[in-house]
Every structure is written in C-alpha cells, then in structure tokens.
Amino acid sequence: MSTQYESRYASSPAEVKSMDTEALRKAFLIEKIFEADRISWVHTHYDRYLTAGAMPVKGGLELQTIDLLKAAYFLERRELGMINVGGPGMVEVDGEQFEIGFKEALYVGKGKQKVVFHSKDAAQPAKFYLNSTPAHHSYPTRKVSRNEAEVVTLGALETSNHRTINKLLVNSVLETCQLQMGMTELKPGSVWNTMPAHTHDRRMEVYFYFEVPEAQSVCHFMGQPQETRHIWMQNEQAVISPPWSVHSGAGTSNYTFIWGMAGENLDYGDMDHCKITELR
C-alpha cells in the first residue's frame, strides 16, 4: 500500500512523568518520515494533527484518504501544508501544477480532491514534509517561496542560539484555518533552539529536525517547565509537542527544523515564556 497510518493517544503530564525512555519515544518520537513511494501518517489526538512525508521516486504519489478520517477524500474536512526538504518537485492540486523547490512551501485548502506529488529527478527525489489539521473553511491553495516568507533573526552566537526564523504558512503571510508552519535555521556555532523555552496551552506543535550532519544528533527537551524530559533525535525525525509542554533542543552541531502548529490561536507571539534558571 502507498498510504498507511498509526494513531497515538494524548498523554497527560502525570503520565509522562512516569515514562521511561522507551515509553517516551514511543509516545512522541516519529522515527521514520520518508519512505520511497509511500505516505505513512502519524496521527496524534492533540488537535487531531497528522504528520507524514511524501517522497515520490517511481512516479506520481497520490494523497489518499485513510480510514481514520471517515472521509471520501483526504481534504474533505482538512487543510494541508508542506515544505520540500529534498530535490525539485511538483505538486498537482485538482489539475493545477505548483513547482516546489528546496525549502519552499505549499498550502492546500479544504475541499481539494486530488493531490499528486512528483519529483523532477528520481535520483534526487523531492521530500515533501506534510502536516494536516481539521479545517472549517476553504482557503485558496498557495505556494510560498523563501522570498515571500516573513523572516526574523533572533538570538546571538554568544548564547549559542543565533537563528533565522522563516514564517512560511502563517497568518501574516496567508489565510489558514488553524495550521501554521515555518522553518528555523541555526547559524554555524549555534545549537540551541527556542531558548528561552515556552509553552502555549492554546496550541500544540510538531518539530521536524533535518540538516543534522552525519554522526551528529539533537537532544529535544519536552515536559512541564519544572518536570522536563529529553529525547535524542536523528536527522529527518519528528517529535510531537503537547500544548502543556516546553519544546526546545540542543544539537551537537547546528541544524534546521520545521515547526508546525495547530490550535485555537493563530498569533505566533502567543507564548508563555519560561525563565531559563527556573527550568528543572
């Protein structure tokens, strides 16, 4: 089958507090995002968020519905966002074609019935990192290139968190129901992301780490500010972040990550910050 899925229940802070390493990774880590000519969704009951990768190699790879949705087609009651982290690709949306290059994004609104992913070169396949959330309204399909993103530079080399935030599929760039996606690139010599850490009970997130150099790793921190846990992550892996949890990481090298969010608030700045000295 070219499409499959697994579903994960939400976990409370009390449950997470008692988890060992294996249980923590099973609940929150998505180890394999990309597989040739297959879309493998991971569904979380946090805001019914869906995460997957589409890597077409042999030919077009079509977005198919899954039994979990009880829908005639995947986007019947959903919206879809994607960022290409591989070779040049093309996405066909109800007959309209969109050329999506490296680190470019595409938003597909509710109601689109046929979405097909293509690679320009099978030897260097496109890798479309996919996020999907429930949607109540249909907004236009739109490509967002890097020069159309809202770009913010934060941090400093002295605090090891000098980074560029590329807001791609966010409400300051285009209209969506609840899905927000962007990409943060750490400068050489910087390893910390999203520090000082924060929580936001109004929405959850999924982080996807990539451009992690060979033989290097990222340690992702999660949990309540006074009860943190960590998950060691490798290149092209994702992690689910509950709305009650901090979400930050430190790598053994600089790296890039894609953040996707869903919930009732589209305000990127809606964060409850945690003092670094108060983290436990």
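The values are calculated or read from the model by the stated rules, or taken from the named source; none is laboratory data. Just so it is clear, the model here is predicted, and its values are computed rather than measured. Glycine gets a Cβ as well: all are built from the backbone with ideal geometry, and neighbour counts include every protein chain shown. For the accessible areas, the whole protein counts, side chains as well, though only heavy atoms, and no ligand, DNA or RNA atoms are used. Shrake-Rupley method; radii C 1.70, N 1.55, O 1.52, S 1.80 Å.
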Rounded to the nearest 10 Å², the 1.4 Å probe accessible area of HIS198 is 10 Å²
Mind checking which lysines have their C-alpha under 16 Å from LYS120, skipping anything on the same chain fewer than 8 residues away?
-> LYS58, LYS103
Using a simple charge model, +1 on the beta-carbon of Lys and Arg, -1 on the beta-carbon of Asp and Glu, nothing else, what dipole does the stretch 159-280 show about its Cα centre, in debye to the nearest 20?
-> 260 debye
Out of the stretch 6-60, which chymotrypsin sites (Phe, Trp or Tyr not before Pro) are coil in DSSP terms and have no more than 14 other C-beta atoms within 10 Å?
-> TYR9
Which aspartates and glutamates, on any chain, are close to LYS167 with Cα under 19 Å apart, when same-chain ones fewer than 8 places away are left out?
-> GLU79, GLU104, GLU148, GLU150, GLU175, GLU185, GLU205, GLU211, GLU264, ASP267, ASP270
Estimated [θ] at 222 nm from DSSP helical runs (n ≥ 4, -39500 (n - 2.57)) normalised by residues in the chain, nearest 500 = -1000 deg cm²/dmol
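Skip the ligands, DNA and RNA, and give the accessible area per residue of the chain with a 1.4 Å probe, whole Å².
Details: 11990 Å² over 280 residues.
For the chain, the per-residue accessible area is 43 Å².
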J(HN,Hα) series, the stretch 243-259, from Karplus relation 6.51 cos²θ - 1.76 cosθ + 1.60, nearest Hz, glycine and proline x = x, 8, 9, 6, 8, 8, x, 9, x, 7, 7, 6, 6, 10, 9, 9, 10
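Where the accessible area of the stretch 1-142 is counted over protein heavy atoms with a 1.4 Å probe, how much of it, in %, is carbon and sulfur?
Details: 3060 of 6440 Å².
C and S fraction of accessible area: 48 percent.
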